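The values are calculated or read from the model by the stated rules, or taken from the named source; none is laboratory data. Just so it is clear, the structure is predicted and the values come from calculations on it, not from any experiment. Cβ placement follows ideal geometry from the backbone for every residue including glycine, while neighbour counts extend to all protein chains displayed. These accessible areas exclude ligands, DNA and RNA; they are computed on the full protein's heavy atoms, side chains included. Shrake-Rupley method; radii C 1.70, N 1.55, O 1.52, S 1.80 Å.
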Amino acid sequence: MDSTLSNTVGVPGPNSSEAGFKVPLYPDPRSFDPFKNEHGVQIASPRRTEEDGISEIELAVPPVQQRSILHIGHQIQPQEGTLDVHHDFPPNRVHNASSLAPVDGGFGAWSFLFAAFFVELIVWGFPSAFGTFLDAYLRDPVYASQKNAQLLLPMIGTMTSGIIYCSGPVTYPLMYRYPKYMRLSMWVGVAICFASLFGASYTTSVTKLILCQGVLYAIGGTLLYNPCINYMNEWFIARRGLANGVISAGTAAGGLILPLILPNLIDRHGTAKTLRILAVVFSACILPLLPFLKGRLPQAKVVGPAVRASGEDRKWMRSMGFRFIMIANTLQGFGYFVPLVWLPNFASELHLNATNASLALSLLNGASLIGRLSFGALADYMDTWLLAFSTLLGTCLATFVGWGVISCSLAGLISFGIVYGGLAGGWSSLWTGFIKDLVSQEDPRLSTTLIGYLMFSRGLGNILSTPITAAMAHPRGFDATPGRLGFGVGNGKFENVIVYTGTCFAGASLIAGVGWIVDQTRKGSRTLR
């Protein structure tokens, strides 16, 4: 190795201001083993290739639960079990990792957050506002007269968001395995989203509508959205709760804006032409933002099996807190999406026009935007379990009282939407608060993995809640007149749906309350020690 290099190199951590640790360099290139640390402990699994030369080595620094990137421009002879790498830097040059952009601030972080907000607005806002399309489909005899249309059509919106939710455990490992394709996947995702909406506009079959507007759009949305979560965990550490709240607020913003726009478009142009307009507008809005959607850390060029998770990495899986979080999160998912799907149809049964029906859904999403931002910011400073218990219990009461009692008029329905959106909408913004108690904030890989599991469990509820409530939504034989309860709207059609939704939140709040007590007991025992 070049004699101008000292026998140690300072390797900073994710924060560029850190001094880092001294990692010994080997005096002879032929004695360097990229799969072992300085103590001879195996840290990676080799894959044999025919290429020679190493330009980037990922070193695991034992004193902290994080990894830093060290780039070494030095040629060596191929040996048994070398890595497949790509030479980026001139020979005999060390790339200083202190050139990383600042974390939790700076142009790179804020420009990424701005772009990711709009990605979330489009990818998630569309299924959040699907209730407007559903009402139009159910009123159109071309779709409503088909077999099982009443059961299948409500599944389109939840199918879309459900697939994106459940994709995390599959897509995130692939992103770690092939990190250089993350940004390419976002371009492909935009193309698939465009093709799905454009294709859906030319079909009158309910089955093909589910495949295009539901499944295909979800695949494109997954490729476009999931890399943003990984990048968020690189750009933000101390302010990760705020960043998560801002990004997830995009869903609410889309749900606020689209229900106000879609009814007029559908009434004027029909559902088919509206889908074509949305396909063009969505693509035109997203494409200019893609250059800003990139990671903070240098992109790994090593292609091979991922480093096996250590026992410390998997410690969170055995945590009682993680199990409580997963149960509460799943129950919340089984209840949360029900009003988003059924509120426009509920408003139609109140004999409200399409504009007023969409207004109720729009205000629900508008309140959700405020809730996501607020709970995301609070998650960085307050007890996350207490916030979770409060929002779940409040949502349970809002469902039974707001939807079941006072929503027999437009004013009551709007009041319910605002309270429900503000309380229930902030749940996903609490995820980063839960995660910081389970794994190190310095490890973006673990944080992203846990978000993937939380998305998956919530996605199960998202997908299954619609057919469950569709089977419940039948008239019960009594009429709702002004002054009566919301339970009686549509001859009692939504009574079981409302009870089901409120019960899901009641169960989730009970689990969160137990989780809070267990967490406080654990912290108290640590203090005594």
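Between residue 315 and residue 503, take the C-beta separation as r, use R0 = 30 Å, and let me know the FRET efficiency to the nearest 0.05.
Here the calculated transfer efficiency is 0.35.
How large is the accessible surface of residue 248 in square angstrom, using a 1.4 angstrom probe and rounding to the nearest 10?
10
Is segment 103-158 rounded, prolate or oblate when judged by the Cα gyration tensor, a ≥ b ≥ c being the square roots of its eigenvalues, rounded requiring a/c under 1.5 and prolate requiring a/b larger than b/c?
Note, shape of segment 103-158 comes out prolate.
In whole Å and largest first, what semi-axes does the C-alpha gyration tensor of segment 158-266 yield when each eigenvalue is scaled by 5 and square-rooted?
27, 19, 11
Using the basic label-point model (7 angstrom from Cα toward the beta carbon), what is the residue 176 to residue 523 distance in nanometres?
Distance between label points: 2.9 nm.
With the cut-off at 15 Å, report for segment 135-218 the share of all Cα pairs above it, as a whole percent.
Working: 2214 of 3486 pairs.
Everything past 15 Å amounts to 64 percent.
Can you tell me the relative contact order of segment 201-307? Whole percent, Cα pairs under 8 Å, sequence separation 6 or more.
Working: 28 pairs, mean separation 47.8, N = 107.
Reported relative contact order: 45 percent.
So, in nm, how far is label residue 147 from label residue 281 when the simple model puts each one 7 Å beyond its Cα toward the Cβ?
Reported label-point gap for residue 147 and residue 281 is 3.7 nm.
Taking 0.36 nm per intervening residue step and subtracting the Cα-Cα distance, what contour gain separates residue 514 from residue 267 on full extension? Could you put the intermediate results ahead of the total?
Numbers: separation 247, 0.36 × 247 = 88.92 nm, distance 4.90 nm.
That works out to 84.0 nm of additional length.
Which is farthest toward the positive dipole end of segment 185-304 among 295, 213, 189, measuring Cα position about the Cα centre, with Cβ charges +1 (Lys, Arg) and -1 (Asp, Glu)?
295
Give me the percent of the accessible area of segment 89-205 that comes from carbon and sulfur atoms, probe 1.4 Å, all protein chains in place.
Percent of accessible area from carbon and sulfur atoms in segment 89-205: 68.
Using the Cα gyration tensor of segment 345-436, with a ≥ b ≥ c the square roots of its eigenvalues, what is the shape: rounded (a/c below 1.5), prolate (a/b larger than b/c) or oblate (neither)?
prolate
Among 198, 117, 130, 107, what's the order by accessible area (1.4 angstrom probe), most exposed first?
Descending accessible area places them as 107, 198, 117, 130.
When ranked by the protection proxy of mean other Cβ atoms within 10 Å per residue, highest first, what sequence do the peptides 426-438, 319-331 form?
Per-residue mean Cβ counts within 10 Å order the peptides as 426-438, 319-331.
Subtract the Cα-Cα distance of residue 382 and residue 406 from 0.36 nm times their separation in residues, and report this length gain in nm to one decimal.
Here the segment from residue 382 to residue 406 would lengthen by 5.4 nm.
Given the C-alpha centroids of segment 365-443 and segment 102-118, what is the distance between them in whole angstrom?
So the two Cα centres are separated by 24 Å.
If amide H atoms are built 1.01 Å from N in the plane of the peptide, which residues on other chains or at least 5 residues away come under 5 Å of the amide H of residue 406?
486
Which order do you get for 126, 114 if you rank them by accessible area with a 1.4 Å probe, largest at the top? Provide the component values of the computation, followed by the final result.
Working: 126 5, 114 115 Å².
I get 114, 126, largest accessible area first.
What does the charge count near residue 384 come to, summing +1 for each Lys or Arg and -1 for each Asp or Glu among other residues with Cβ under 11 Å from its Cβ?
Charge balance near residue 384 sits at -3.
Based on the alpha carbons, how large is the Rg to Rh ratio for segment 170-218 when Rh follows Kirkwood? Show your work: numbers first, answer last.
On the way: Rg = 13.6 Å, Rh = 11.9 Å.
That ratio equals 1.14.
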